[in-house]
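Participant: One structure is given below, represented as structure tokens, and several questions about it will come after.
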Amino acid sequence: MAESQKTGILSFQHLRALVRQRVIRAGVPITSKQIQPASLDLRLGTKAYRLLSSFLPEPSDKQSQFTIEDLYRSDLVMYDMDLTNGAILEKGHVYLVPLMERLKLPKDIRGRTNPKSSTGRLDVFTRVVTDLHVGFDEIRAGYEGPLFLEIVPRSFTIKVQAGLALNQLRLMTGKPMVSDSGLRTVHRKTPLLFHNGDSGKTDRPLSARELRVDNGLFLSVDLRGASDYPESIVGYRAKKNSHVIDLSRVGHYLATDFWEPLKRNATATMLLEPEEFYILASKERIQVPPGYSSEMVAYEAACGELRTHYAGFFDPGFGYANPSRKGTQVVLEVRPHDVPFRIHDGQTFFKVVYEKMRDIPMQLYGTALGSSYYQQGLTLSKHFKW
């Protein structure tokens with residue numbers, strides 16, 4: 001096999017084969033619904049540990065060889081909870097949950113994890129940790145062992161139970177990231193970004209001159225909304241006091257009990273308040289061709305002031321399959337940190353990097369698999385209704 005064929009994100013069929021080979025395994029059988037075009041959903045195990053605080057995993061070169069399971073016997077654990085029939089995770093508290101899945105990776109395969117879209121849109125901060133590795137959401141090549149998920153609900157108290165998937169795993173070999181020149185080449189053949197909503201530009205791909213590239217594609221925030229409506233809703237802000245959200249319930253909760261709609265103002269600007277949580281959307285629509293996957297990353301100039309997203313994976317086929325409307329808006333999960341932060345319509349807000357797939361997936365996002373956020377606009381998580 002040529003070197004170029006060995007590099008890339010592992011696709012649906014690769015992940016399915018790794019499950020059959022027990023490279024990815026679980027005591028409770030892994031289901032076909034967990035396998036996405038370029039990722040695998042990771043399920044909560046039967047127990048959660050309420051921690052006093054977050055922690056840093058130990059690197060593998062430490063002589064102590066401290067493992068995550070050693071935490072269970074440490075003073076960092078306040079108490080444990082049974083998730084078999086569901087349990088409440090309180091807002092602002094830190095929890096650690098062993099996941100059902102474990103790995104026995106070959107030496108040339110490494111992993112990266114990310115919250116699922118529904119997790120991020122509820123302001124639930126999550127990250128995967130592994131034994132003897134200091135990086136969060138990173139799984140080193142050849143890793144063998146269990147996976148653990150740190151969970152911190154920020155805006156809402158939530159109810160979870162064993163088997164629920166809050167995060168997803170992406171596996172890869174080599175260096176699959178597409179270079180800036182490669183992005184421009186792909187965009188000429190299959191546009192990656194489209195205008196959304198601007199008069200005279202709707203559905204038009206960004207021109208080569210409009211495309212902003214620097215180790216990924218830059219995208220901006222939309223604070224105008226639908227051009228025909230002067231008071232268009234351009235975002236949502238989480239209410240500070242609300243009831244528990246059971247993450248197993250879809251389309252169950254009245255959105256206005258949990259969210260404050262934010263309308264466009266005369267200047268198409270917004271003042272983001274510290275430690276508030278906002279749902280916004282991109283000004284551009286993105287599509288991911290079948291031979292690629294992509295991931296949202298923070299715009300470096302803003303990293304110190306606000307977080308622009310929690311969930312970040314886009315599978316092959318995202319925004320691609322609808323012939324009448326190319327591209328899909330990106331929903332942003334925004335939390336300012338220490339100071340108020342003013343943003344304006346069209347402001348550069350985040351980046352998307354593209355990576356090559358090792359093979360085109362047998363199933364694409366939004367077609368055979370379906371999705372709660374296929375062809376989305378400014379959309380809350382799937383748990384809400386209007």
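The values are calculated or read from the model by the stated rules, or taken from the named source; none is laboratory data. Because the structure is a prediction, the values reported are computed rather than measured. FYI the Cβ positions are ideal-geometry reconstructions off the backbone, even for glycines, and counts take in every protein chain you see. Surface areas here come from the heavy atoms of the whole protein model, side chains and all, with no ligands, DNA or RNA. Shrake-Rupley method; radii C 1.70, N 1.55, O 1.52, S 1.80 Å.
Participant: Among L262, A208, L164, pick out the residue whose Cα is farthest towards the positive end of the charge dipole of the stretch 143-267, where Lys and Arg carry +1 and Asp and Glu carry -1 on C-beta, about the Cα centre.
Facilitator: A208
Participant: What are the residues whose amide H is under 5 Å from the amide H of Q36, where those residues sit 5 or more places off or on another chain and H is modelled from the backbone?
Facilitator: Result for Q36 returns D41.
Participant: Placing unit charges on C-beta atoms (Lys and Arg positive, Asp and Glu negative, everything else neutral), compute the dipole magnitude of the stretch 1-137 about its Cα centre in debye, rounded to 20.
Facilitator: Result for the stretch 1-137 is approximately 620 debye, rounded to the nearest 20.
Participant: Please figure out what share of the DSSP beta bridges in the chain is antiparallel and state it in percent, rounded to the nearest 5.
Facilitator: Around 95 percent antiparallel, to the nearest 5.
Participant: To continue, here is another question. Which whole-Hz ³J(HN,Hα) couplings does the stretch 324-334 yield from phi under the Karplus relation 6.51 cos²θ - 1.76 cosθ + 1.60, θ = phi - 60°, glycine and proline marked x?
Facilitator: Couplings: 8, 8, 7, x, 9, 4, 8, 8, 10, 10, 10 Hz.
Participant: Next question, about the same structure. Compute the signed sum of charges (Lys and Arg +1, Asp and Glu -1) over the other residues within less than 10 Å, Cβ to Cβ, of G377.
Facilitator: 0
Participant: Continuing with this model, one more query. Which lysines, if any, have their Cα less than 20 Å from the Cα of K175, not counting same-chain residues under 8 positions apart?
Facilitator: Leaving aside lysines fewer than 8 places away in the same chain, those within reach of K175 are K6, K107, K351, K356.
Participant: Restricting the calculation to Cα positions, tell me the Rg (one decimal) and the Dmax (whole number) of the stretch 157-273 in Å.
Facilitator: 19.9, 49
Participant: What aspartates and glutamates could a cross-link reach from K33, if we take a straight Cα to Cα line under 19 Å and drop same-chain neighbours fewer than 8 places away?
Facilitator: D41, E101, D315
Participant: Take the solvent-accessible surface of the protein heavy atoms, probe 1.4 Å, and return the percent of it on the stretch 220-355 that carbon and sulfur atoms account for.
Facilitator: 50
Participant: Related question: In a Debye calculation with equal point scatterers on the alpha-carbon sites of the stretch 18-124 and no solvent, what is log10 I(q)/I(0) at q = 0.20 Å⁻¹?
Facilitator: Per q value, in the given order, log10 I(q)/I(0) is -1.38.
Participant: Also: Rounded to two decimal places and with Rh computed the Kirkwood way over Cα pairs, what is Rg over Rh for the stretch 247-340?
Facilitator: With Rg and the Kirkwood Rh in hand, the quotient comes to 1.01.
Participant: Which value, in debye to the nearest 20, gives the size of the charge dipole of the chain about its Cα centre, when Lys and Arg are +1 and Asp and Glu are -1 at the Cβ?
Facilitator: 1140
Participant: Give me the percent relative contact order of the stretch 211-275, please, defined on Cα pairs under 8 angstrom at least 6 residues apart.
Facilitator: 36
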